[in-house]
Each structure stands twice: as C-alpha cells, then as structure tokens.
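Have a look at the structure below before the remarks.
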Amino acid sequence: MTTMAWISVALLLLIACLLARPTGHYIAHAFSNERTGLDRWFGPLENLIYRLCGIRQENQSWKQYAMSVVLSNTLMILIVYTIFRIQGMLPLNPSGVASMEPSLAFNTAISFMTNTNLQHYSGETGLSYLSQMIGIVFMMFVAPASLLSVAIAFIRGLAGKPLGNFFVDLVRGITRILLPIAFVAALVFVALGVPQTLEPTAVVKTVEGATQEIARGPVGSFLAIKELGNNGGGFFGVNSAHPFENPGAISNMLQMLLMLLLPTSLPFTYGIMVGNKKQGRVLFVSMAMMFLLFLGISIASEQAGNPALHALGVNQMQGSMEGKEVRFGLAQSAMYSVVTTASETGAVNNMHDTLTPLGGLITIANMMLNTVFGGVGAGFLNVLMYAMIAVFLSGLMVGRTPEFLGKKIEGREMKLIAVTMLIHPFLILIPTAIALFTNADTISNAGFHGLTQVMYEYTSSAANNGSGFEGLGDATSFWNLTTGIVMYLGRFCSVITMLAVAGSLAAKKPVPETSGTFRTDNALFAGVFLVAVLIVGALTFFPALVLGPIAEQLTLLS
Amino acid sequence: MKIITITLRVSIVFMLLCGVLYNLAVTGVSQAVMPFQANGSLIKNEQGELVGSKLIGQAFTDPGYFHGRISSIEYNGAGSGSPNYAPSNPDMLSRVKESMEQWKAENPQVPVEEVPMDLLANSGSGLDPHISPESARVQIPRIEKETGIAASELSHMIERHTEGREFGVLGEPRVNVLELNLELQQARAQS
C-alpha cells in the first residue's frame, strides 16, 4: 500500500480526535440540568414538543427510567410494525409496494428500533415512501437518541446525581444533537453527489444502446442520520458501496467521521459529568489503541490479497479487490469496515462476505468485544461495564473492596454486571449452534466460511451492528424471527441491568479517597482495562473464531 | 399508562418532525441549490438525450470500448448487488479463471499477469463507474486494433479522464469509464 493510504489513515484519526473533545463538551452541555445558553436556542421548540406530548420535566427513579425506555421503544416497534403490515393500503406509495409479510415486518421494525438496521428486505423495492419516512427515518432518530439518553442517565448515576427524565433526554438528544448535525451533513452529501429527490427512477439510453434504469430518491437525508446515529441501514441494497450512497473518497471520509463522532465523544462527556476528565481520556486512549491494532491487522490482511488468487497468477498489487470499489481502493475500504464495526453502525462500503478471512475476523471481533467505541450510548455503557470489571479484578488481586469513582462496587453490582456480560455471548453462540443444526442450507459460501457467515449474522444482531455477510440466505422466517429476538434482547437486557447498577451506585455514600485507593485514571488502569476486555473476549469467542475465519485462512494458504 | 400516552404523542411528533419535515427540508434546499447532484448527476449527449449518470457504471461489451468492472447484475441500476463470494469460494475461483481466459482471447498483446485485479473482480455495488488508470491502459492495444485510433491518442484520452486522489491523499486514482467512452464514441464517429 502506498504512503498516501497511510496518510489518509492518520488524517482520519487526527480529525476524529480533534472533533471528539469539543463534541463531548457540547453533549455534556446539552444534557446539563442547569440552565444553559442552549435553552435560548432550542427552548421554544422543545417546550412546544413537551406540551404537545404531555412531558413533565421531573426526575425518574432508575426503574421508571428503564421502564420508560423499554416500554416506549417496544410500543414504537408495534406502531411501525403495523405501518409496514398495511403500507400497501396507505398513501405515498407511487411504486405500488405491497404490504410486508409478518416475520419480515417483525424483523425490520425491531431492527431499526434497536439501532441495528439489519436489512432482510430489499432497499429498492421493499418499502413505500411513507414507510421509509415515518417508519425507518423516524426510528433512525429515536433509536440512537434513546440509548444516548440511557448512557447519560447512567453517567448521572455514577456522578451521584438524579438520573433525569427519559423523555426530556430523548427530546434533547434529537433537537440539540441529531437533527442539526444531520441536516448540515445531508446537504454536504448532496453537494458531493448524493441524490435528494422525490422523482421516480430515471431511464437513460446507454452508449451501447441499451436501456438503463437508475434508482434514486431522497438519499442524502437518509444517509446523514444513518451514519451520525450509528444506524447503518442502506437506502440501496448494497449500502454505502452504491455510488449514489457514497460517491467518492471525501464522502467516504465524512461518513467515517460521522460514525465515530458520538461514540468517540462520550468518554469526554463522561469526564466532564463525573468531574474526572483524566479518566475520560484514559478510556478514550484505551479504546483508540484497540482500534489502531485492529485497523493495522485489517489493512495488512486485505493488502496481502487472496492466496488462492495468487496461485492463479492474478496481479494483486491493489490488494484484494473482490467486493470493493475502485474509488475507495484498499485503504478507504478496510478503514470503513473497521470503523463501521467498531462504532456498531453497520454501514458497508465493500462486501464483508468477500473480505479476506483475517479482515473478516477483525470486523466480527469488533462486534464481539462491542467496546471499541461501540454504538451511540450502548457502546459506552459496555465500556463502563468493562471498566468496573477491571476494577473488580484489581480489587480481588490486592484483597480490597473495589471502588469506582469513590463508590464501592459490591456483590449486587457485580452480579448485575456479570449477567450483562454473559448475555452477549449467549445471544451469539447459542443461536449460531441452533442455526447450524437446523438451517445450514441457507449458507452460500460452504466450508469454514459458512460457520463465519452464520456467526456473523448473530454477532451483528446481538451487538446491534446490522452489517452482514450478505451471501447468507437470510430472508426466511427462521432468520427473521431469531435475529429479531436476538436484536431485541441484545438491546434492552443491558439497558435494564446497567440502569439498575446506576441506581444502586447513585444511592451509595461516597468513600473518601486514600493512598490505598486503586486509581482509575492512569496508565496502569488502562492496561488492566484492556487486558480485561481482551481476555474476557478471547475466552468467550476464541474457539468459535478458530473454527471459522482462522481455519479458512489456513486452508487458503495450503 | 402515562408512559403509553406520552409515547404515542412522542411518536406522532417525531414522525412529523424527523420523518416528514426533515426529509422535505433537505429535499427543498438541495433541489433549489444543487439540482444536478440532487437528481442523480445525469449526463446528456450532444443531442440532449440522457445517456447515463456520471456516478453509475454501464455495461460495455463491445471490444472497441473500454470495459468496466465485472458486475453480476450486469449494471442494472434499478437494483444493486454482488454475489458475495468468500475468498475460499470455488465459484469465485472459476469465475476469475474464466475472465483470465477471456482476457487472453481478446487481448493477445497484453499478458494477463499485467492486468490489475479490479478488472478481474466483481465490484461491491455491481455499479462501480470506475477502473484504475492501469486497467484502462492495458486495454489500449485491443481498442487500437478494433477502432484504428492511435495508441497515443487513447493514452491521452485516459489521462484526461483520470481523477486523482481527493485532496491529493484520499482514495485512489481512477478513470470514469462512461465519460471516457463518451469521448471515445465521438472519436470513433469522426474516424
């Protein structure tokens, strides 16, 4: 790979780092309980929304907060499910799209409400304009705002403050953060060549005299919130590999920055809200190190190309180009794959099924760990969970009751954390085993890669990522139902357990810091944190990875 | 119960605000300020007929034109997609072998080892409008033979349609196959 490609990697990381801090400050400001200058700007609109919706700005207990999140999100799933089921009879359906069948509507509604955006329908033909707008785009705003709210409430709990009110946080997340940034980003995307029109498909006569139909639509507005909210669902079937959904390297870069913006900012928001900026920085740096390691492996593997094609005498100077686009080339494709799985967005600009085995392994590992930044809110909750595990492990080693931010971590919290940690592998490995026994015929790439295909689907669902090894024949009711359930549990189980941890910590009296306190804002802690993440991840998933991508890589070499 | 009524009202408000108003606002501004991009970067020929989109690849099979990347959907712009072949998939290996044989038959002047992989691999979208400049250059001998246009002129044509890296560092240098072939089409008509 050329020097230019490495420079572009450095550029992405540099800009992402430069944006993270001010954005983190802005988020802390936006969710502050005190009156801020932002109230003057957003107050009138927000007060109108509060009035229209009957929202009272009063604090909730952790149980009320968790109830509000789960109940409201579930109800929204039901509403949108109903819209999908009867879209054929509703207005704004110029192409006459039929109503969705039950299992697909179930899967799609859960998928977008859980910020997963796994798509078992076809982007170009499965949804009416009405469903796209008030179903999909609506959820693309509400889903990330919901978990952003939970993360903020959790941090408030850690800081010993009341958790706040879910609906107030939800409204602020949309009006102050998602909507303004998405609006500006959408216009920039259109300027770069992304269509934004309500006109139907264009018909042209090609140079060789054939007729070509060109699908288009309001792509720009969709794309902006897709990336910013870590949603990832594509307007078109091939997502951001489609030239209309990602016309060049600048739009590609902008998409990666949008995906990283909120996940990288939250450690800084956290630092401000709990009054320990150094700890926020330590968490940020730890995650950035994992990210860099994974990026390096991915680029090296894709650059090395496919050994089986080397054997045929194919010139692979460009790296492995199967499933990739020329305008991105190797570096911008590998970077995108790592960013989209690290941020749990799930947008793709190249086909992950075609990645070299080790490149594919990196994408799946990102989703298994689910802590290399992670999606809006959800990822940061995971990071804090691992931070507490790290504190707990250190406490065991020195024989002291572990403390985090001056609060003792005791039996009750550790039980809740252990449950949260175990749900994720359970939701990935058990369904994978069931699917391999009952639905192995839906695998499109036989052999070891087939295992990876199935495992990727459930990992992506459980981590609420939404990308796929798309060769898998997943448009069946078995896949619709099982991944639907996995996405739902993957999203909301940890919301309840983690808010319970926050509630329990908020009620505790802080213990004074002494010279014997294990510090959680230095390099030693970063090391313990990283080791905790990697060891827990490796112990849980390594056997499955050996049978999938690692075995495939070895067979290609032989 | 209170949560349910609030949720219903919140849903309606945000369906209107995010689902309808946001989409319409972006569409309105885009159509007013940058209609070319907003409508899909469609290009017309000299007779004013739509011949394609600058951003969407077209199928070229005539040996007298530059060929684009392999597309399992044959550049059907109403959809998009690729076969999602894993690196270990035997179907992918046999497709590559077939393409290599076809290359040898159509381009006896250029050894297949010199062909960059983008010409032998299916693109991600099936609509990739670009090839690498090297992939365009290796096709020069064939096109010269088919059309009688001098190699040097073809080479200049490629240079004119080569887009560099954005800001000098992002992405890869590339040639827009449709725009290149539109110029080639005119040259062919004159000669």
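The values are calculated or read from the model by the stated rules, or taken from the named source; none is laboratory data. No experiment lies behind these values; they were computed from the predicted model shown. We place every Cβ from the backbone using ideal geometry, glycine too, and count neighbours over all the protein chains shown. Only protein heavy atoms, including side chains, enter the accessible area calculation; ligands, DNA and RNA are left aside. Shrake-Rupley method; radii C 1.70, N 1.55, O 1.52, S 1.80 Å.
Descriptive notes on the structure:
- As a summary of the residue check, A:Pro22 satisfies the conditions (1) open to solvent by 30 Å² or more (accessible area, probe 1.4 Å); (2) at pLDDT below 95; (3) under 30 Å from the mean Cα position of the chain (by Cα) except for the one numbered (2).
- Filter pass, A:Ala347 being over 30 Å from B:Val115 (Cβ atoms) and open to solvent by 10 Å² or more (accessible area, probe 1.4 Å): no
- Of the candidates A:Phe183, A:Phe138, the single residue that is within 14 Å of chain B (Cβ to nearest Cβ) and under 20 Å from the mean Cα position of the chain (by Cα) is A:Phe138.
- Residues in the stretch A:50-99 that are of a type in the set (Gly, Ala, Ser) and not in a helix (DSSP H, G or I): 6 in all.
- Candidate set from the stretch B:165-191 (those that are open to solvent by 20 Å² or more (accessible area, probe 1.4 Å) and either more than 10 Å from chain A (Cβ to nearest Cβ) or of a type in the set (Ser, Thr, Tyr) (or both)); member that is nearest to the chain's Cα centre (by Cα): B:Glu179
- Residue tally, condition over 29 Å from the mean Cα position of the chain (by Cα) and polar (S, T, N, Q), over the stretch A:197-255: 4
- The single condition from (1) modelled with pLDDT under 95; (2) at positive phi that B:Ala78 fails is (2).
- Residue in the stretch A:225-245 that is over 25 Å from A:Met487 (Cβ atoms), at pLDDT 95 or above and either in contact with a Phe, Trp or Tyr (Cβ under 8 Å, 6 or more places away or on another chain) or outside the structural domain of A:Ala387 (by TED's automatic domain parsing) (or both) present: yes
- The lone criterion from (1) in a helix (DSSP H, G or I); (2) away from chain B (no Cβ under 13 Å); (3) over 30 Å from A:Gly88 (Cα atoms); (4) of a type in the set (A, V, I, L, M) left unmet by A:Val171 is number (2).
- Considering A:Gly411, A:Gly447, A:Gly484, the condition of being outside the structural domain of A:Lys63 (by TED's automatic domain parsing) and without any contact (Cβ under 8 Å) to a residue 12 or more places away in the chain is satisfied by A:Gly411 alone.
- You will find that of A:Asn306, A:Asn315, the residue that is farther than 29 Å from A:Met487 by Cα, open to solvent by 10 Å² or more (accessible area, probe 1.4 Å) and within 14 Å of another protein chain (Cβ to nearest Cβ) is A:Asn315 and no other.
- Whichever residue in the stretch A:12-53 is touching a residue at least 12 places away in the same chain (Cβ under 8 Å) and of a type in the set (Gly, Ala, Ser) and, among such residues, is nearest to A:Met253 (Cα to Cα): A:Ala16
- Condition check for A:Thr197: at pLDDT 95 or above and either of a type in the set (Val, Ile, Thr) or touching a strand residue (DSSP E or B) at 6+ places or on another chain (Cβ under 6 Å) (or both): no
- Among the residues making up the stretch B:151-170, those that are in contact with an Asp or Glu (Cβ under 7 Å, 6 or more places away or on another chain) and of a type in the set (A, V, I, L, M) are B:Ala151, B:Leu154, B:Met157.
- Single match in A:Val501, A:Val533 (criterion: at pLDDT 90 or above, of a type in the set (A, V, I, L, M) and touching a Phe, Trp or Tyr at 6+ places or on another chain (Cβ under 6 Å)): A:Val533
- In the stretch A:459-491, the residues that are in a loop (DSSP other than H, G, I, E, B) and either away from every other protein chain (no Cβ under 14 Å) or under 14 Å from A:Ala109 (Cα atoms) (or both): A:Ala463, A:Asn464, A:Asn465, A:Gly466, A:Thr476
- Exactly one residue among A:Val391, A:Val454, A:Val419, A:Val383 is open to solvent by less than 50 Å² (accessible area, probe 1.4 Å), more than 30 Å from A:Thr23 (Cβ to Cβ) and at pLDDT 90 or above, and that residue is A:Val454.
- Positions within the stretch B:60-80 being more than 7 Å from chain A (Cβ to nearest Cβ) and hydrophobic (A, V, I, L, M, F, W, C), in sequence order: B:Phe66, B:Ile70, B:Ile73
- Residue match in the stretch B:127-141 (condition: out of contact with any Asp or Glu (no Cβ under 9 Å at 6 or more places or on another chain), modelled with pLDDT of 95 or more, open to solvent by 20 Å² or more (accessible area, probe 1.4 Å) and of a type outside the set (A, V, I, L, M, F, W, C)): yes
- Contacts under 8 angstrom Cβ, first residue in the stretch B:12-23 being within 17 Å of A:Lys226 (Cβ to Cβ) and within 8 Å of another protein chain (Cβ to nearest Cβ), partner open to solvent by 10 Å² or more (accessible area, probe 1.4 Å) and part of a helix (DSSP H, G or I), 6 or more apart: B:Cys18/A:Leu179; B:Gly19/A:Met133; B:Gly19/A:Ile134; B:Tyr22/A:Leu179; B:Tyr22/A:Phe183; B:Asn23/A:Met133
- The set of residues in the stretch A:262-279 that are surrounded by fewer than 24 Cβ atoms within 10 Å (Cβ to Cβ) and not β-branched (Val, Ile, Thr) comprises A:Phe268, A:Met273, A:Gly275, A:Asn276, A:Lys277, A:Lys278, A:Gln279.
- The set of residues in the stretch A:195-232 being within 7 Å of chain B (Cβ to nearest Cβ) and among the β-branched types (Val, Ile, Thr) consists of A:Thr197, A:Thr201, A:Val204, A:Thr206, A:Val207, A:Ile214.
- A count restricted to the stretch B:34-65 and to residues that are of a type in the set (A, V, I, L, M, F, W, C) and buried (at least 23 other Cβ atoms within 10 Å of the Cβ) stands at 3.
- Condition met for B:Gly164 (free of Cβ contacts under 8 Å to residues at least 40 places away in the same chain, small (Gly, Ala, Ser) and closer than 18 Å to A:Tyr336 by Cβ): no
- Looking only at residues of the stretch A:100-120 that are assigned to a loop (DSSP other than H, G, I, E, B) and away from chain B (no Cβ under 13 Å), we find that the one that is most open to solvent (accessible area, probe 1.4 Å) is A:Glu101.
- Failed item, numbered, when A:Glu344 is tested on (1) touching a Gly at 6+ places or on another chain (Cβ under 9 Å); (2) within 10 Å of chain B (Cβ to nearest Cβ): (2)
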